[in-house]
Number of protein chains: 2
Amino acid sequence: MALIVQKYGGTSVGDPDRIRNVAKRVLATQAEGHRVAVVVSAMSGETNTLVALAEDLGGSVPDPREFDVLVSTGEQKTIALLAMAIHGLGKSARSFTGAQMGMRTDTAHTRARIASIDASRILSVLDEGSVAVIAGFQGVDDGGNITTLGRGGSDTSAVAIAAAIGADVCEIFTDVDGVLTSDPRMVPAARKLERISYNEMIEMASLGAKVLQTRSVRFAARYGVPLHVRSSFKPDEGTWVVPEEEIMEGLFVSGVTYNRDEAKIRVRGVKDVPGVAARIFGPLSEAGIIVDVIIQNLAQDGTTDVTFTVQKGDYRRAIDIANEVGGLIGAVAIDADENIAKVSIVGLGMKDHAGVASRMFEVLAEKGINIQLISTSEIKVSVVIAESETEAAVTALHAAFIEVGAAEPVVEN
Amino acid sequence: MALIVQKYGGTSVGDPDRIRNVAKRVLATQAEGHRVAVVVSAMSGETNTLVALAEDLGGSVPDPREFDVLVSTGEQKTIALLAMAIHGLGKSARSFTGAQMGMRTDTAHTRARIASIDASRILSVLDEGSVAVIAGFQGVDDGGNITTLGRGGSDTSAVAIAAAIGADVCEIFTDVDGVLTSDPRMVPAARKLERISYNEMIEMASLGAKVLQTRSVRFAARYGVPLHVRSSFKPDEGTWVVPEEEIMEGLFVSGVTYNRDEAKIRVRGVKDVPGVAARIFGPLSEAGIIVDVIIQNLAQDGTTDVTFTVQKGDYRRAIDIANEVGGLIGAVAIDADENIAKVSIVGLGMKDHAGVASRMFEVLAEKGINIQLISTSEIKVSVVIAESETEAAVTALHAAFIEVGAAEPVVEN
């Protein structure tokens, strides 16, 4: 008998029939002898409706405290309806709002961080043989104010609850079969991974795979909660996200990802003195702009170029700041390019095989794809290329690293 | 500087523009130098939507605990939106759910009774110069479970809060101008009352005037909270509902009301022995049927007739019970009539003037209206007549008791 947390997103609870299906799936799991706590999101569309109302009445930046009071009603509706559906099937269930389950957070409205969870309240309901039906995404601060966790909050709630109650697994139900080696719309040969490590998953998630939010995977890694990403619509196993040591023989490269939502800015011909980077990135950070790739190279004349990428939504503001700062620090010019893509390969296997990066560059060169920027970490290599070449690059890399098969390294140094 | 509770119903907060209007009205009151706490209902239509979802997922009797979790989201939405609207007008406001304001109730889900309110939380927000925006209709029990107060709950919340914080007045905003002497759709000469006593208001409310729920008026009377029933759409004064001793010279009769939602049942020819009434009304009460008028008269042959009225919705069940009981106690027959109306006159003035009832019967006789049942209390006289004669009766009584004018008794004994 296992202790299982199941998390269902907005699409899975999008209408009454889907909520009934979730109720059945939860009860089927319980019928196998498990104790089940379910974490749910707002019904799909609900949050958008609430946000539109907030913007109508509160303007483009509604009061954050009241925004949280408003949007938290979305999950509250779902928990009540799912609990009713379970009762309707003759079983017992009890719903929990963030406050009722003792999900304590800090006071950072709309992006609160979890401080603690009162596991005993959930466990006592499970011990009675009931299903605990829990609102994701929401908590309360020490003053009893309603808070929300921001983007990916429901996944994070589910993982945090799984950690707090000592669950054997946190199952994340989604509309895909699991974590795939690449985007199947671009790479028809993309296939489901059976297992992937937390760190690979974090890289995959932050590089553009949309299955799980990075934040929830970090949380799972920190507390050692096994995640199981699986389909809401099929009974099949999905992908297990587990500690690295549990992956005996993984794929050499687990995934090929891409992100077309970034833009590139280059501050050219800056005198290379200490503090230049800080003068550029300080103002960007103060403006709340998140910088992704940063590359700096020294030219022969003793000046330096600083190149970085930002989200496309921040592109215009970032250029303005770069121009302003560039003037102050004596930059020769500011170049910018919106038509770029970041393509990455991710895999635990590359830790021990330095040849992976060079093999990646070879594959791209064979396709005539020019690399603008390179950024690497222990388990990933990212390149920035022209946006128009995204599909060619992803397809070639998937073929070279994944379709050739299995756990064998494709290159050796 | 006064301390004012304002209560706005679902129609007054029915869409974003109306919520903005409420925000302006609240701030206009504050700008006059008053401290203002606002109690709001769910946006009109919202509760029906939620109830439909509950019935879809929970069947005709959804789990009451979860029902309260669900429907309480309606008011929670409104408080957030109204607080945002006030912020949007450059002023400060803070919303309170039932839990956040410390509205403690018993555990009777969907019809909870208020136990206590933590006034300090609201007062501290008011003392900072903010508007307190409070969800009506909802509270929490000692276990932190969300409860709702049932029908008329928002009015009751508002009055209870006014009592707890020691407000000078509880203003009930509605879509009519105040409390009228009769239904203006039936009696064009109906006019707004300036003042009315709690007890008159309770009789008026329970007899069919829909402005205020009886329960909230009883609450106001118990704690001596002055109510001011006024229009959401006009700035004019409405009707004050106050203790009897504050009405120096009221109308002799304050209102003429009618109720066409009752039906009459007569249990005929029962032997007049002690306990007969209990044998009839016990089973009705156990079935949850509320009996209104009860009349018993002894016939010359030593048998008795027991006649009573029930809500039309309970009519069929009440007849079944009457037939069953009638058989057991040897009743000669059960008569029943759905086509009746109860017409009443209400007024403090009649306490001291026994002639009011007989004048009422005279007025009806002059119009050829037959009286089937009579029931009286200290400040009201009700008659049951044929439903088809409702309008004739109400119009004639309004003309005789109210249009003749002023505070002068129209009859003297």
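Report yes if B:ASP68 is surrounded by 18 or more Cβ atoms within 10 Å (Cβ to Cβ), in contact (Cβ under 8 Å) with a residue 40 or more places away in the chain and touching a His at 6+ places or on another chain (Cβ under 7 Å), otherwise no. Yes; evaluated as a whole, the condition is true for this residue. Name the residue that is surrounded by the most Cβ atoms within 10 Å (Cβ to Cβ), counting only residues in the stretch A:94-123 that are assigned to a helix (DSSP H, G or I) and touching a strand residue (DSSP E or B) at 6+ places or on another chain (Cβ under 9 Å). Among them, the one singled out is A:ILE122. Restricting to the stretch A:83-93, and then to whatever is surrounded by fewer than 24 Cβ atoms within 10 Å (Cβ to Cβ) and within 10 Å of another protein chain (Cβ to nearest Cβ), can you tell me which residue is farthest from A:ALA163 (Cα to Cα)? In this case the residue turns out to be A:GLY88. Residues in the stretch A:304-335 that are part of a strand (DSSP E or B) and surrounded by 15 or more Cβ atoms within 10 Å (Cβ to Cβ): A:THR304, A:ASP305, A:VAL306, A:THR307, A:PHE308, A:THR309, A:VAL310, A:GLN311, A:ILE334.
The conditions of being farther than 22 Å from A:SER130 by Cβ and within 8 Å of chain A (Cβ to nearest Cβ) are not met by B:ALA37. Restricted to the stretch A:21-37, and to residues there that are touching a residue at least 12 places away in the same chain (Cβ under 8 Å) and either in contact with an Asp or Glu (Cβ under 9 Å, 6 or more places away or on another chain) or not in a helix (DSSP H, G or I) (or both), the residue that is surrounded by the most Cβ atoms within 10 Å (Cβ to Cβ) is A:ALA37. When B:SER377 is tested against (1) without any contact (Cβ under 8 Å) to a residue 40 or more places away in the chain; (2) surrounded by fewer than 20 Cβ atoms within 10 Å (Cβ to Cβ); (3) within 27 Å of the chain's Cα centre (by Cα), only condition (1) is not met.
Somewhere in the stretch B:149-169, is a residue in a loop (DSSP other than H, G, I, E, B), more than 24 Å from B:VAL253 (Cβ to Cβ) and within 14 Å of another protein chain (Cβ to nearest Cβ)?
Just the residues of the stretch B:149-169 that are in a loop (DSSP other than H, G, I, E, B), to begin with: B:149-152, B:166-168.
So of that shortlist, the ones also more than 24 Å from B:VAL253 (Cβ to Cβ) come out as B:149-152, B:166-168.
Restricting the remaining residues to those that are within 14 Å of another protein chain (Cβ to nearest Cβ) gives none.
No, the stretch B:149-169 contains no residue that is in a loop (DSSP other than H, G, I, E, B), more than 24 Å from B:VAL253 (Cβ to Cβ) and within 14 Å of another protein chain (Cβ to nearest Cβ).
Only one entry in B:ALA99, B:ALA80 is facing chain A (nearest Cβ under 7 Å) and farther than 20 Å from B:ALA163 by Cα, namely B:ALA80. Residues of the stretch B:88-110 being without any contact (Cβ under 8 Å) to a residue 40 or more places away in the chain and either out of contact with any Asp or Glu (no Cβ under 7 Å at 6 or more places or on another chain) or farther than 19 Å from B:GLU128 by Cβ (or both), which ones? Listed by number, the residues that qualify are B:GLY90, B:SER92, B:ARG94, B:PHE96, B:GLN100, B:ARG104, B:ALA108. Within the stretch A:68-77, restricting attention to residues that are more than 7 Å from chain B (Cβ to nearest Cβ) and in contact with a strand residue (DSSP E or B) (Cβ under 8 Å, 6 or more places away or on another chain), the residue that is nearest to A:GLN30 (Cα to Cα) is A:GLU75. When restricted to residues that are part of a helix (DSSP H, G or I) and either facing chain A (nearest Cβ under 8 Å) or among the aromatic types (Phe, Trp, Tyr) (or both), the stretch B:40-67 contains 9.
Where a number appears in this text, it was derived from the coordinates with a stated rule and is not lab data. Since the structure is predicted, the reported quantities are computational estimates derived from the model, not experimental observations. Cβ atoms come from the backbone with ideal geometry, glycine included; neighbour counts cover every protein chain shown.
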